[in-house]
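Each remark here refers to the structure printed beneath this line.
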């Protein structure tokens, strides 16, 4: 079923591109990309949180975080938001950081992209957390700015994403995909084609991203 749904998405993307409605495409599917990134946030950041902090001494924070996650999963956004805010103020640094990511994610899911971007921006500028999380916050912040629907400076977004496209950055594939989107919407189809071509043939890129890039590339070249 999931495979059929994805096939349908890619067919719609191809049709949109053939009609040269790329801006509308990003509006429609930007949240799809963000959703995939947020799943990655929970899995990677969650793993690091459990790995880096003593579970015995952090048991209370662990239980509160689990409760907040359940509230979020049950779509009780207000209660979940308050629970995450409490954790950011009272929990140890590991769970406080995870709670800040989750609180920003709730804002994004509620359509408050500008507020989510600001929350991610605060995380990106927090020198007390690991660089991998600051980079992730930067990536998600730019994503939300792009989806805020108030225009924006595409060149500035691309400039901020540039360090994340480096070969040794764990978020490079999504950053490169976003850069390709920005290139196209800025009218630089040559650069967009170059980026999608590289992504579609990169054996280390996630399969879903390679497939998406192949679809985009085919539409650009038609």
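Given the criterion touching a helix residue (DSSP H, G or I) at 6+ places or on another chain (Cβ under 9 Å) and under 26 Å from residue 202 (Cβ atoms), identify the matching residue among 118, 122, 175, 148. Even if it seems obvious, please write down each step before you answer.
Details: 118 fails: under 26 Å from residue 202 (Cβ atoms); 122 fails: under 26 Å from residue 202 (Cβ atoms); 148 fails: under 26 Å from residue 202 (Cβ atoms).
Among 118, 122, 175, 148, only 175 is touching a helix residue (DSSP H, G or I) at 6+ places or on another chain (Cβ under 9 Å) and under 26 Å from residue 202 (Cβ atoms).
Name, by its number, the condition in (1) surrounded by 18 or more Cβ atoms within 10 Å (Cβ to Cβ); (2) part of a loop (DSSP other than H, G, I, E, B) that does not hold for residue 152.
Going through (1) surrounded by 18 or more Cβ atoms within 10 Å (Cβ to Cβ); (2) part of a loop (DSSP other than H, G, I, E, B) one by one, residue 152 breaks only (1).
Filter segment 174-195 for residues that are without any contact (Cβ under 8 Å) to a residue 40 or more places away in the chain and within 15 Å of residue 138 (Cβ to Cβ) and give the result.
First, the residues of segment 174-195 that are without any contact (Cβ under 8 Å) to a residue 40 or more places away in the chain: 175-176, 179-180, 182-183, 186-195.
Listed by number, the residues that qualify are 175, 176, 179, 182.
For the structure I just gave you, tell me whether residue 199 is closer than 21 Å to residue 116 by Cβ and buried (at least 17 other Cβ atoms within 10 Å of the Cβ).
no
Give the number of residues within segment 151-169 that are touching a helix residue (DSSP H, G or I) at 6+ places or on another chain (Cβ under 6 Å) and in contact (Cβ under 8 Å) with a residue 24 or more places away in the chain.
Residues that pass the stated criteria total 4.
Considering only residues of segment 202-222 that are free of Cβ contacts under 8 Å to residues at least 60 places away in the same chain and in a loop (DSSP other than H, G, I, E, B), which is surrounded by the most Cβ atoms within 10 Å (Cβ to Cβ)?
Here is the first cut: in segment 202-222, the ones free of Cβ contacts under 8 Å to residues at least 60 places away in the same chain are 202-207, 209-210, 213-214, 217, 221.
Now drop any that are not in a loop (DSSP other than H, G, I, E, B), which leaves 202-206.
Details: 202: 15, 203: 6, 204: 8, 205: 20, 206: 14.
So, considering only residues that are free of Cβ contacts under 8 Å to residues at least 60 places away in the same chain and in a loop (DSSP other than H, G, I, E, B), the one surrounded by the most Cβ atoms within 10 Å (Cβ to Cβ) is 205.
For segment 155-196, what are the residues that are buried (at least 23 other Cβ atoms within 10 Å of the Cβ) and not in a helix (DSSP H, G or I)?
None - no residue of segment 155-196 is buried (at least 23 other Cβ atoms within 10 Å of the Cβ) and not in a helix (DSSP H, G or I), so the list stays empty.
So is residue 89 part of a loop (DSSP other than H, G, I, E, B), modelled with pLDDT under 85 and over 16 Å from residue 161 (Cα atoms) or not?
On the way: part of a loop (DSSP other than H, G, I, E, B): no; modelled with pLDDT under 85: yes; over 16 Å from residue 161 (Cα atoms): yes.
No, not satisfied.
Suppose we keep only residues that are modelled with pLDDT under 90 and in a loop (DSSP other than H, G, I, E, B) within segment 115-149. Which one would you say is farthest from residue 170 (Cα to Cα)?
149
The values are calculated or read from the model by the stated rules, or taken from the named source; none is laboratory data. Just so it is clear, the model here is predicted, and its values are computed rather than measured. Reconstructed Cβ throughout: ideal geometry from the backbone, glycine too, with neighbour counts over all protein chains shown.
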